[in-house]
Every structure is written in structure tokens, then in C-alpha cells.
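First up is the structure itself, then whatever we jot down about it.
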Amino acid sequence: MPVSKEILQQILKEYEDRRAAEKLARENRQKEVYERLPEVKTIDDEIESFSLSAMGAYLKCGKDPHKALSRLRQRMDELKERREALLLGAGYPTDYMETRYACPLCKDTGYVQYEKCRCLKQELINRAYHQSGLERILERENMACFDLSLFEDRPVPSETLTPRQNMQQILKRVQGFLGSFSENPGQNLLFSGPTGTGKTFLCNCVAKELLDQGYTVLYVTAYDLCALLEKERFQDRARSPRLSFTSETVESCDLLILDDLGTEFRNTLSVTELFHCVNQRLLARRSTLISTNLTFADLGAAYGDRFSSRIFGSYTFCRFIGPDLRRKKRLREEGAL
């Protein structure tokens, strides 16, 4: 689900408009204060000229420049204290005339030291979600809507736990993953189980929780990821710029959710690209959640020992069991259950 260059330019134009609007708002706040408290303007003018005063004092002070600079610093502190007292006394916060950035990291430019800021990366992902319809899905598939009663509370063949007991254990692991996400970077989850056992729903729950906390989350199917990475690999870079996000965003987002692993068209290139993606994120200690209908043994057969070894050693395994919940939910909605 790539975002076009046109949308990237549109987002950057919105950043520019945001900065312009805040510049005007700041000037209006400043004008308001100066009209009401002329002494604050006098103080600001003196503070603004401080650097020139300090340089002049340094050059003229003769044998003891540090003493002169110390007096200037003391004067600066006095001015700032007086300014804060005036603002507070008039009912203003001390930072009332400062620029207010929606993102202090990039100061609403979208970039930090020539790299995309996390706010811009997430905005690109949000636009892609909007295009794909996932935004609407997350409104109804989240932890608040998770219905544990859908899971059977009676044993199924060859299992020691009921589907409900099993899901309770999985939820504990997921909650631990979410609760320690910031303190313990690089955690990974593998959801494995038959179709309709709740894997994709729980992936959406994880995505919503972390998006709401301000993390960058990229949700993509294995099929789409392989298509995007192969397109990037083979495009003519001399004539065609990079997609707004492909390998760069895949490698740098806080959480990559790779859904439906095993449904993509597999060949040597796609397997190599998937291994590279998983391995790079492990090396960078960035979290990944993989959802698949394949068993662990199937993963080794489909992607090779090198891939399955990375998964086995670095992912928390969550095995989903039970009947197809989609059918049960549909029957419940129709009143058949």
C-alpha cells in the first residue's frame, strides 16, 4: 500500500502551512503581550542584544574578561526572572510567546537531520491506511471490542487447553509485549494457527494500541510486502524515485506487522527479501509481529532453516487453536446461536 509522491508533497505542504499558521499565531500572541505589558518588550529587546553586548564587553574588559561576562550573565538571569514574573502576574504562562510545535522533534518540518521524522513516517502510513480502508477496520477491531466469549470453553481434539484458555494465555503475552514496548525494544511475536482463529483481529488490536501511543506501525501482508520490495529492487532508480515507503519504512518503523505470511508468491527472490527484512529488523532491535497459517515446521520447509532459526530464536510463539470464529460470529449476529 504505497503512498504516491503527490501525497508526500501534499503532506509536506500541510507541514509548511502549519508552520506559517503558528508563526502568525505567535506574532499575534507577542503583539497582545507587548501592548498589555510594554516592559516585557523592553526586556526582550535587551535580551536580543545580549550577544552583541557580551562580545563588546569581552573585547573591552582588559585583564579580566570573565568577570565582565559573569556580570552580563547575571543581568541576563535577572531579566528572564523579571520577564517570567510579569507574564505570570498578568495570567500568562511563561512560554506564551514561544513557538508551539505539533512535533518538537522536527519542529514541524518533517525531517530531523535530513532523515524523515517519526511524525512524517507515521503520517505516510496513516495516509496509506486511509487509502486501504484499514483505518475503518481499526475502529471496530481493537482491544475494547475483543470478545473472549467467542472462543469455545470446551476442549478440542488433541489439545490440553480450551480455545478460550489458550486465548487468555495469548492475551497475557500480548499485554506484556505492549506494556514493555518502550522499555524493551526489539520484542517480536509470531501468531500461528488456522484461518478464522483470531490472528488478524489481534494484529489489529496491537496496531491500534501502539498507534494510539504515538508509535509508528506499518501493517502489511506478506504478499504486498514482497510486491513492494521487488518493485523497488527492479525499478530504474535513475528515472524513478523511491516509493514513499518501502524498504526504508519497513526497516525503520517501530512495529512491522507482517500478516498472512505464506500466502505470497514464493520464489528465491521473495524468500531472500523476507529474510533480509526480518534479519535487518532483528539487528536494529525493532519489533515485528508475524501472522501465518503455517506451523513452525511449515516455516522451515517453506523458507529454509536460516529463516526459521531467526524466528525460533527471537520470537515469542503464540499458537491459535479452535474452530472458525468468523462463522460463529456470523451465526451469532444472525441469531442462529
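Values in this text are rule-based calculations from the coordinates and carry no lab data. Since the model is a prediction, treat every value here as computed from it, not as a measurement. We place every Cβ from the backbone using ideal geometry, glycine too, and count neighbours over all the protein chains shown.
Descriptive notes on the structure:
- Asp212-Arg306 pseudo-label distance in nm [points 7 Å out on the Cα-to-Cβ vector]: 4.1 nm
- Taken over the stretch 133-333, the percentage of Cα pairs per 5 Å bin, counting from 0 up to the bin with the maximum distance, is 1, 7, 15, 19, 20, 16, 11, 6, 2, 1, 0, 0, 0.
- Sorted by Cβ density within 10 Å, fewest first, the residues Met76, Met97: Met76, Met97
- In summary, the convex hull built on the alpha carbon positions of the stretch 87-191 has an orientation-averaged projected area of 12.5 nm².
- A simple spin-label model places pseudo-atoms 7 Å from Cα toward Cβ; at Asp45 and Tyr223 they are separated by 7.0 nm.
- On the beta carbon distance between Glu159 and Arg233, with R0 = 35 Å, the FRET formula returns roughly 0.25.
- Model label points for Ala102 and Asp17, set 7 angstrom from Cα along the Cα-to-Cβ axis, are 1.0 nm apart.
- Rounded to 0.05, the FRET efficiency of the Gln9 and Ser149 pair, given R0 = 51 Å and the Cβ-Cβ distance, is 0.60.
- Peptides 188-201, 270-283, 98-111 ranked from most to least packed by the mean count of surrounding Cβ atoms within 10 Å: 188-201, 270-283, 98-111.
- Sorting Thr94, Thr162 by the number of Cβ atoms found within 10 Å of their own Cβ, with the fewest placed first, yields Thr94, Thr162.
- Residues whose amide H falls under 5 Å from that of Ser291, counting only those 5 or more places apart or on a different chain, are Phe191, Leu258, Asp259, Asp260, Leu261, with hydrogens built in the peptide plane.
- As a proxy for reagent exposure, ranking Met143, Met167 by other Cβ atoms within 10 Å from fewest up yields Met143, Met167.
- Built amide H within the under 5 Å cut-off of Tyr219, gap 5+: Ile257
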